[in-house]
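The values are calculated or read from the model by the stated rules, or taken from the named source; none is laboratory data. This structure is a prediction, so every number in the text was calculated from the model and none was measured. Note that we place each Cβ from the backbone using ideal geometry, even for glycine, and neighbour counts take in every protein chain shown.
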Amino acid sequence: MNRKKQNLWEYVPLADYAVPQATISRTIKSGIKDIWQRFRRPDTPRHPAHDLEYLPASDVEKVAPPSHWSGAVRALEILAKNKTGSAEAPSVMMVTGLPGSGNAQILSRLAKSLGWRLIPAPDPQQILTQDLAWLDWTKSAETPWVLCDLGKTYLRHVRGLTLVRQLLARINSKAAGPGVIGCDSWSLAYLRRVLPVPFPGAVVAQAFDDLSLGRWLSQRAHDGCGRQIHFHQADNGETVLPADADTKASAFVNHLAARSFGIPGIALEIWRRALKRKPDKTAGDQTSETEPTNGISIWVEPWEKIPWLVVPLDLGPASPVLMHSLLLHNGLPWNLAVDLLPFSATETDRTILALTDAGVLQTRHGELKISTRWYPSVKAYLNGEGYLTDQF
Amino acid sequence: MELFQQLNQAAIIRGALVAGLALVLIGLSQKVIPLIADRLSGRQRLYALATVPLIRLVIILAALWMIISILVDPTTENIFALLGALGLALGFAFKDYVGSLIAGIVTLYELPYRIGDWVSVEGVYGEVKSIGMRAFEILTPDDTVVVIPHLKLWGEKIFNANDGSRHLQCAAKFYLHPEHDPRQVIQALEDTAMTSVYLQISKPVTIVASEGLWATEYRVKAYPVEPRDQFRFTTDLTLRGKQALMALGVRFPAPGAPDSGDGA
């Protein structure tokens, strides 16, 4: 299977990043189809949606397993070697990552595969006490280094910018030697506004358009189950994946690519929640009698039934500020969020709990973050309210 | 000249029905549009709210025209005669009221204030919450509604802090002992503003210094993301700015004590 071996990851300059859009004709078509289905005479669909149930978590793990970002690491390896120069003529490459793109994990794996130094982020206390000792690693400039997230070297606090200022000064003076520095797209948007200094030349993983996303999701299913999986739309049985032709993705995948901004992590999260099966059939283990003989079939919720999550508006003044701060810092530990926000601890705690209950926030690796599947809604909300957002 | 048409029960009922329908429509527009606006994001919310007085005016004019058509034989002479008589009567009896109504119409195209604007009229400062035909209501930061007739438009100065946009400048003031390093102070105050969670970062942060009798005054001027957060923003700038300045060892002279500190 040639498609499987194809590396879908490509790193491009920030200006070349292209967010996929849902085609207008498909948006209109899906709207008309939805209205038509509400009014047409009920008949017997091949696979009525009410006969299906959502895939259990264990099956989702097989059919849509999380990514290990191997393709991204492979694409970056060559780029990093070419762009970072040598100890004599050092250069630092910045790799910008969007929320849900797995940037920090990718860079961590990159450091391991290249045998470069992985620089740990400073402790929040080191940032707030302006402890320049953290920068001592820049003195040994011989070995290239990888710092996974520039966003973890600052805090939005009056004393929280000193370390990142000093770090960028050392990078710009070539004192830090060759290296790769990761930066979340929201942190980068903020730091570029706040720090009037040159930033290293940046690349970003190109967004997955609908075709790439379809191939990537098919690869995930193949990797997870060890064989080809067919995905069909639950209401009409139309093929969702794999695409019938190399030139046209299904309407579902087209919409999915647009809503997720082409970020594979976000698309995967939405995808995982759209998968269904017939009752009492275990995906990956059994084959339905109606399924093609060359693989197994999974049903996909029609796009019209995938909800657009609405950010709760009645959670008080701390709610937008908290969501924005979490995005600018690429997540914060709970106690640090309480310290950074200008609200009483009670108010901040209450807001965190309310947003967590609503599903907007989740705790990952000890940090509060915006839930991956809520990211498109939160970004749209903050943008509408006039907050700074990333450039993508 | 026959001014009024034959007034019979049917004509009166029709007129009353039109007036009633107009009232219902006005009431509906005043309830439904703010409800829809609350579900929209910032800019769209302001645009939606701004349509409320306009829609009301259109409904009132349409209803008036229909009622006049029912009650009066609508020839040019009759309309002029009726308007003249009404104008004379109303001019004497409700001079201020009519002045406010006319000013209310003027506000629709001059737009000296819109819903969501922060205005100051005769020392009363607050957010414009609604604009009626005769008066508009502002809600002060102390949660008091003040009703101000549009008549003020003719004679009073109306200060509009954001003028239909979301950009409302705030200023936090700091009074420092004259002996300090201004570069350090400016950097600390700029960092204070730049790290405020309320800051509209796309707008500039300006720091202005001036020498007073007993202190050097610094004003940090910046814009909050949301105009309603102006007091929280100024508080945040003031408290965190003071902390940052204290960390620098800058002294704050007591008012009226120019030599406080080292006695120099």
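Go over the candidates B:Leu237, B:Leu213, B:Leu248 one by one and state the one that is under 15 Å from B:Ala172 (Cα atoms) and either modelled with pLDDT under 95 or surrounded by 15 or more Cβ atoms within 10 Å (Cβ to Cβ) (or both).
Numbers: B:Leu213 fails: under 15 Å from B:Ala172 (Cα atoms); B:Leu248 fails: under 15 Å from B:Ala172 (Cα atoms).
Sole residue among the options that is under 15 Å from B:Ala172 (Cα atoms) and either modelled with pLDDT under 95 or surrounded by 15 or more Cβ atoms within 10 Å (Cβ to Cβ) (or both): B:Leu237.
Name the residue, out of A:Ser187, A:Ser218, that is more than 18 Å from A:Arg259 (Cβ to Cβ), hydroxyl-bearing (Ser, Thr, Tyr) and surrounded by fewer than 24 Cβ atoms within 10 Å (Cβ to Cβ). Walk me through how you get there before you give the answer.
Values: A:Ser187 fails: surrounded by fewer than 24 Cβ atoms within 10 Å (Cβ to Cβ).
Exactly one of A:Ser187, A:Ser218 is more than 18 Å from A:Arg259 (Cβ to Cβ), hydroxyl-bearing (Ser, Thr, Tyr) and surrounded by fewer than 24 Cβ atoms within 10 Å (Cβ to Cβ), namely A:Ser218.
Can you pull out every residue in region B:191-210 that is in contact (Cβ under 8 Å) with a residue 24 or more places away in the chain and either crowded, with 20+ Cβ neighbours inside 10 Å or under 18 Å from A:Gly160 (Cβ atoms) (or both)? Don't jump to the end; show me each part of the working.
Of all residues in region B:191-210, those in contact (Cβ under 8 Å) with a residue 24 or more places away in the chain come to B:191-193, B:195-200, B:203, B:209.
Within region B:191-210, B:Asp191, B:Thr192, B:Ala193, B:Thr195, B:Ser196, B:Val197, B:Tyr198, B:Leu199, B:Gln200 qualify.
I'd like the full set of residues that are crowded, with 21+ Cβ neighbours inside 10 Å and not in a strand (DSSP E or B), limited to region A:201-215.
Selection gives A:Ala207, A:Phe208, A:Asp210, A:Ser212, A:Leu213, A:Gly214, A:Arg215.
Taking only region A:358-373 into account, find how many residues are modelled with pLDDT of 95 or more and not in a loop (DSSP other than H, G, I, E, B).
The number of residues fulfilling the criteria is 4.
Name the residues in region A:374-392 that are outside any loop (DSSP other than H, G, I, E, B), crowded, with 20+ Cβ neighbours inside 10 Å and within 14 Å of another protein chain (Cβ to nearest Cβ), would you?
The answer is A:Val378, A:Lys379, A:Tyr381, A:Leu382.
Give just the number: which of (1) touching a strand residue (DSSP E or B) at 6+ places or on another chain (Cβ under 6 Å); (2) over 25 Å from A:Ala15 (Cα atoms) does A:Gly182 not satisfy?
Looking at each condition in turn, A:Gly182 falls short on (2).
Does A:Pro317 satisfy the condition of being modelled with pLDDT under 90, surrounded by 15 or more Cβ atoms within 10 Å (Cβ to Cβ) and within 12 Å of another protein chain (Cβ to nearest Cβ)? Working first, answer last.
Numbers: modelled with pLDDT under 90: yes; surrounded by 15 or more Cβ atoms within 10 Å (Cβ to Cβ): yes; within 12 Å of another protein chain (Cβ to nearest Cβ): yes.
Considered against the rule, which asks whether it is modelled with pLDDT under 90, surrounded by 15 or more Cβ atoms within 10 Å (Cβ to Cβ) and within 12 Å of another protein chain (Cβ to nearest Cβ), A:Pro317 comes out as yes.
If you go through region B:17-34 one residue at a time, do you hit one that is modelled with pLDDT under 85, under 20 Å from A:Val311 (Cα atoms) and of a type outside the set (Val, Ile, Thr)?
Taking every residue of region B:17-34 in turn, at least one turns out to be modelled with pLDDT under 85, under 20 Å from A:Val311 (Cα atoms) and of a type outside the set (Val, Ile, Thr).
Go through (1) under 23 Å from A:Ser218 (Cβ atoms); (2) modelled with pLDDT of 85 or more; (3) touching a strand residue (DSSP E or B) at 6+ places or on another chain (Cβ under 8 Å) for A:Gly100 and report which single condition fails.
Unmet condition: (3).
Looking at region B:130-150, which of its residues are farther than 20 Å from B:Gln169 by Cα and surrounded by 14 or more Cβ atoms within 10 Å (Cβ to Cβ)?
B:Ser130, B:Ile131, B:Gly132, B:Met133, B:Arg134, B:Ala135, B:Phe136, B:Glu137, B:Val146, B:Ile148, B:Pro149, B:His150
Scan (1) more than 14 Å from chain A (Cβ to nearest Cβ); (2) at pLDDT below 95 for the single condition B:Ser165 breaks and write down its number.
Here B:Ser165 clears every test but (1).
Which residues, counting only those in region A:320-340, are among the aliphatic types (A, V, I, L, M) and surrounded by 21 or more Cβ atoms within 10 Å (Cβ to Cβ)?
Going through region A:320-340, the residues among the aliphatic types (A, V, I, L, M) turn out to be A:321-323, A:326-328, A:332, A:336-338, A:340.
Within region A:320-340, A:Val321, A:Leu322, A:Met323, A:Leu326, A:Leu327, A:Leu328, A:Leu332, A:Ala337, A:Leu340 qualify.
Being over 33 Å from the mean Cα position of the chain (by Cα) and not in a strand (DSSP E or B) is the requirement here; does B:Glu179 meet it?
Details: over 33 Å from the mean Cα position of the chain (by Cα): yes; not in a strand (DSSP E or B): yes.
Yes.
Based on this model, can you work out whether A:Gly331 counts as more than 12 Å from every other protein chain (Cβ to nearest Cβ), farther than 22 Å from B:Gln200 by Cβ and either among the acidic types (Asp, Glu) or touching a Pro at 6+ places or on another chain (Cβ under 7 Å) (or both)?
For A:Gly331, the condition - more than 12 Å from every other protein chain (Cβ to nearest Cβ), farther than 22 Å from B:Gln200 by Cβ and either among the acidic types (Asp, Glu) or touching a Pro at 6+ places or on another chain (Cβ under 7 Å) (or both) - is not met.
One residue is enough: does region B:159-177 have a residue meeting the conditions of a type in the set (Gly, Ala, Ser), surrounded by 15 or more Cβ atoms within 10 Å (Cβ to Cβ) and under 20 Å from A:Ala318 (Cα atoms)?
Looking through region B:159-177, none of the residues is of a type in the set (Gly, Ala, Ser), surrounded by 15 or more Cβ atoms within 10 Å (Cβ to Cβ) and under 20 Å from A:Ala318 (Cα atoms).
Can you tell me which residue in region A:112-128 is surrounded by the fewest Cβ atoms within 10 Å (Cβ to Cβ), limited to those that are touching a residue at least 40 places away in the same chain (Cβ under 8 Å) and part of a helix (DSSP H, G or I)?
A:Ser113
When you scan region B:44-52, do you find a residue that is away from chain A (no Cβ under 14 Å) and more than 30 Å from A:Gly384 (Cβ to Cβ), even just one?
Here is the first cut: in region B:44-52, the residues away from chain A (no Cβ under 14 Å) are B:49-52.
Remaining after also requiring more than 30 Å from A:Gly384 (Cβ to Cβ): none.
No, every residue in region B:44-52 fails to be away from chain A (no Cβ under 14 Å) and more than 30 Å from A:Gly384 (Cβ to Cβ).
This table checks each residue for (1) surrounded by 21 or more Cβ atoms within 10 Å (Cβ to Cβ); (2) within 24 Å of B:Leu239 (Cβ to Cβ); (3) out of contact with any helix residue (DSSP H, G or I) (no Cβ under 9 Å at 6 or more places or on another chain); (4) modelled with pLDDT under 95.
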{"residue": "A:Trp137", "(1), (2), (3), (4)": "no, no, yes, yes"}
{"residue": "A:Ser140", "(1), (2), (3), (4)": "no, no, yes, yes"}
{"residue": "A:Trp145", "(1), (2), (3), (4)": "yes, no, no, yes"}
{"residue": "A:Leu155", "(1), (2), (3), (4)": "yes, yes, no, no"}
{"residue": "A:Arg170", "(1), (2), (3), (4)": "no, no, no, yes"}
{"residue": "A:Ser173", "(1), (2), (3), (4)": "no, no, yes, yes"}
{"residue": "A:Ala176", "(1), (2), (3), (4)": "yes, no, no, yes"}
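Which one is nearest to the other protein chains (Cβ to nearest Cβ) among residues in region B:204-239 that are assigned to a loop (DSSP other than H, G, I, E, B) and under 21 Å from the mean Cα position of the chain (by Cα)? Give the derivation first.
Our first condition is that a residue be assigned to a loop (DSSP other than H, G, I, E, B); within region B:204-239, this holds for B:204-205, B:212-215, B:223, B:225-226.
Filter once more, keeping what is under 21 Å from the mean Cα position of the chain (by Cα): B:223, B:225-226.
Numbers: B:Tyr223: 10, B:Val225: 5, B:Glu226: 7 Å.
Checking each candidate, the answer is B:Val225.
Output the residue which, of all residues in region A:184-200 that are part of a loop (DSSP other than H, G, I, E, B) and not hydrophobic (A, V, I, L, M, F, W, C), is nearest to the other protein chains (Cβ to nearest Cβ). It would help to see each step written out before you state the result.
First pass over region A:184-200, keeping only residues part of a loop (DSSP other than H, G, I, E, B): A:195-200.
Okay, now just the ones that are also not hydrophobic (A, V, I, L, M, F, W, C), so A:196, A:198, A:200.
Working: A:Pro196: 11, A:Pro198: 18, A:Pro200: 21 Å.
Here the answer is A:Pro196.
Could you say which residue among B:Val32, B:Val52 is more than 19 Å from the chain's Cα centre (by Cα) and within 23 Å of B:Ala135 (Cα to Cα)?
Details: B:Val52 fails: more than 19 Å from the chain's Cα centre (by Cα).
Only one candidate qualifies: B:Val32.
Condition first: in contact (Cβ under 8 Å) with a residue 40 or more places away in the chain and of a type in the set (S, T, N, Q). Now tell me which residues in region B:50-92 satisfy that.
Within region B:50-92, the first condition is being in contact (Cβ under 8 Å) with a residue 40 or more places away in the chain, and the residues that meet it are B:50, B:52-54, B:56-57, B:60, B:62-63, B:66-67, B:70-73, B:77-78, B:81-82.
Correct list: B:Asn78 only.
Give me the pairs: first residue in region A:145-165 and within 22 Å of B:Ala244 (Cα to Cα) and facing chain B (nearest Cβ under 8 Å), second residue aromatic (Phe, Trp, Tyr) and crowded, with 21+ Cβ neighbours inside 10 Å, beta-carbon distance under 7 Å, and six or more apart or on different chains, which are they?
Sorted first by the residue in region A:145-165, then by its partner, the pairs are A:Gly160/A:Tyr154; A:Leu161/A:Tyr154.
Quick one: how many residues across region B:169-189 are within 10 Å of chain A (Cβ to nearest Cβ) and either under 15 Å from B:Phe233 (Cβ atoms) or touching a strand residue (DSSP E or B) at 6+ places or on another chain (Cβ under 6 Å) (or both)?
Residues meeting the conditions: 1.
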